[in-house]
1. Evaluate 2.2 N^0.38 Å with N set to the residue count of the range 191-252, then give the Cα radius of gyration divided by it.
2. Give the long-range amide H neighbours of Gly88: residues separated by 5 or more places, or on another chain, with amide H under 5 Å away, using H modelled in the peptide plane at 1.01 Å from N.
3. Can you quote the Å³ per residue value for the convex hull of the Cα atoms in the range 59-106, rounded to an integer?
4. Determine by what factor the alpha-carbon radius of gyration of the range 61-157 differs from 2.2 N^0.38 Å, reporting the quotient.
5. What whole number of Å gives the distance from the Cα centroid of the range 209-240 to the Cα centroid of the range 241-289?
6. Taking the Cα centre of the range 135-189 as origin and charging only Cβ (+1 Lys, Arg; -1 Asp, Glu), how large is the dipole, in debye to the nearest 20?
7. If a paramagnetic tag sat 7 Å from the Cα of Thr265 along the Cα-Cβ line, which residues of the range 179-219 would have the backbone N under 11 Å from that point?
8. Once phi is turned into θ = phi - 60°, what whole-Hz ³J(HN,Hα) does the Karplus curve with 6.51, -1.76 and 1.60 give for every residue of the range 102-118, x standing for Gly and Pro?
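Readers should treat all values here as calculations from the given coordinates under stated rules, not as data from a laboratory. Everything numeric in this text was worked out from a predicted model, so none of it was measured. Glycine gets a Cβ as well: all are built from the backbone with ideal geometry, and neighbour counts include every protein chain shown.
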Amino acid sequence: MRSKKRPIGLLLVLVLLLSACGTGGVVGPPDSTPDSTPDSTPDSTPESPSGDPLLQIHSEGGFVPIEWNLGNGPTFTVTNGGEFVFPGITTLEYPGRLVPAYFSGQLDENEMARINELLTAMGIAEIDEEHDDSLDNVADASTEVIRFWDETGVHRYSVYALGMSDNPASDATAAFADLVDYLHELSGTVESADYQPERVRVVAGTYQGGFDSEFERVEDWPLEGENPGDWDTFTTVGEDKWTCKAFDSSTLEVFADARQTTIYTHPEDGGQVQLLVRPLHPGEEDCTL
């Protein structure tokens, strides 16, 4: 019997309150050799640059505030060169820091080979876009999504309530759950350091209240010369509009001391603005949901 797994999204929410096969082969870490490539990968497969993304896993939906989905990034990212990006330590302090922490580590040949085996078992290189919603008797769970890159493009597979059943509906879903478990395991064992992003996403929306007044911190607008009303529309929720702009990594210094309950004064109309700030992972576009 398969062990019961917990969906990524639910694991992350609990902490807050207290990704190659077929036609696309995995390129191992910089010191890997062709002999380390599994037999299932064609020798003729063109290699991708080591910094290009191989796979990325993230959560969508679930019984969480909209700010959670807009402000939190992928759970796991693995590049062709073996860079592994995953969530950093979340402390129990409240309010927590505005910018979520991420770590980065280097996977070795064996770890990349295991990831490749699981991707092959998924058959994801043969999938364009597919969704498994067979588990319809579970409410308010998140949907786990994997994106996989090869020379033919991006492949997307998603599963509602991944890990909530001991009998996955397909081999792809079973292998996806095993992959998630393996990446969770690696996140606890790989030698890592703070992730150093190239780009940072800032999402802005009108503050609608909800923070305990004891913990609210109202501060001056932190991004000189920037008007959030001029940024790209990220999404609309009812009558609320969230806008977005990406900046270089130096912008993180501006928010080093910001908390999740920090509110900013709009640079033009003086209203209250809530900002959601996070590093972008390899493979993510600047302001695309």
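1. For the range 191-252, the normalised Cα radius of gyration comes out at 1.38.
2. Counting only residues 5 or more places away or on other chains, the set is Ala101, Tyr102, Phe103.
3. It is 88 Å³ per residue.
4. Expressed relative to 2.2 N^0.38 Å, the Cα Rg reads 1.30.
5. 8
6. Charge dipole, the range 135-189, about its Cα centre: 160 debye, nearest 20.
7. Once the point is set 7 Å along Cα→Cβ of Thr265, 218-219 turn out to lie under 11 Å by backbone N, inside the range 179-219.
8. Going residue by residue, I get 10, 10, 9, x, 10, 7, 8, 4, 5, 5, 5, 5, 5, 4, 4, 4, 5 Hz, with x marking Gly and Pro.
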